[in-house]
Amino acid sequence: MNIPSTFKRLPRTAFTLIEIVIVLTIISILAAGSIYMLKGNVDVAKETRVDGDLQNIMTQLQLYEARNMRPPTTDQGLKALVEKPTTEPLPEKWTALMEEVPKDPWGMEYKYRYPAQKSKKPYDVYSLGKDGVEGTEDDIGNWKATAK
């Protein structure tokens, strides 16, 4: 018997809906796992940026100290690198050493303390870290940056 061509079964050439759903599920599981694994890298990158900022600030503080025979006081702070201090002791050879003091990766200002309480340097320069609370384990300062 001769079957007309309109009734012949055509070979299967497309994906079924279930196959597409399975592939999309596998892709989404792999993507979620990758994002989870990269999460820790963001924290490491922020800490690395803090180390770089601290090195830059400490270099500018050393230059300030060389020009003025002493580092800025705690009250003058890191702002002394940007604006001429108006409180005693006034620097004799002041120049702007930075356009602005950078903020840490969590949007907070870096902290400065003279004389130092934690560092072997004359001053402490540090970030309060992710939690924004002073004195916790995630504080990152020139006492840690120079040890690495």
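The table that follows gives values for the structure above.
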quantity	calculated
Among (1) 114; (2) 182; (3) 133, the entry that matches volume of the Cα convex hull per residue in Å³ as calculated here	(2)
Neighbour-count order for 51, 131, fewest beta carbons within 10 angstrom listed first	131, 51
The stretch 55-142: GluC sites (Glu not before Pro) in DSSP coil with no more than 15 other Cβ atoms inside 10 Å	83, 92, 99, 100, 134, 137
Gain on full stretching of the segment that runs from residue 69 to residue 38 - 0.36 nm per residue minus C-alpha separation	6.6 nm
Crossing angle, helix 17-68 versus the chain [Cα axis fit, 0-90 degrees, rounded to tens]	10 degrees
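Bear in mind that the values in this text are calculations on the coordinates, not laboratory data. These numbers were taken from a predicted model, which means no experiment stands behind them. Please note: Cβ atoms are built from the backbone with ideal geometry, for glycine as well, and neighbour counts cover all protein chains shown.
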